[in-house]
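Just so you know, all these numbers are worked out from the coordinates, no wet-lab data involved. Here the structure is a predicted model, which is why all the values come from computation and not from measurement. Glycine gets a Cβ as well: all are built from the backbone with ideal geometry, and neighbour counts include every protein chain shown.
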Amino acid sequence: MAFGRVAMIGDAAFVARPHVAAGVAKAADDAAALVAALEVDEVEAALRRFEAARVPVGKRIIERARHLGAYLQATHTAEERARSQRHSIPEAVLAETAVLDFLRS
């Protein structure tokens with residue numbers, strides 16, 4: 001997410017698929033983390049701090065997209081079938097969609 005004196009934030013860094021409903025919140029959190037890092041360090045050090053903080057969040061978003069998207073696939077691995085069974089009714093999907101609780105660790 002950071003290269004020398006350049007940083008990518010939001011969907012440019014990690015695409016939050018629409019079914020995760022985290023794109024706007026992630027971009028805002030990325031921006032806030034970038035500002036906080038720049039207040040403490042010089043640019044390149046700040047960008048390293050920013051990247052270290054935000055890459056794990058991006059990875060959790062990708063995993064969440066895979067988790068929620070498993071029920072949409074025509075073919076499934078055993079793990080995907082297990083995930084899919086949890087989302088067999090619309091209420092189950094809605095209970096896990098458009099919430100960002102999964103980002104809290």
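Remarks
- Cα gyration tensor category, rounded, prolate or oblate, for region 1-64 with a/c compared to 1.5: prolate
- All other residues whose Cβ lies under 12 angstrom from that of ALA36 are scored, Lys and Arg at +1 and Asp and Glu at -1, for a net of -2.
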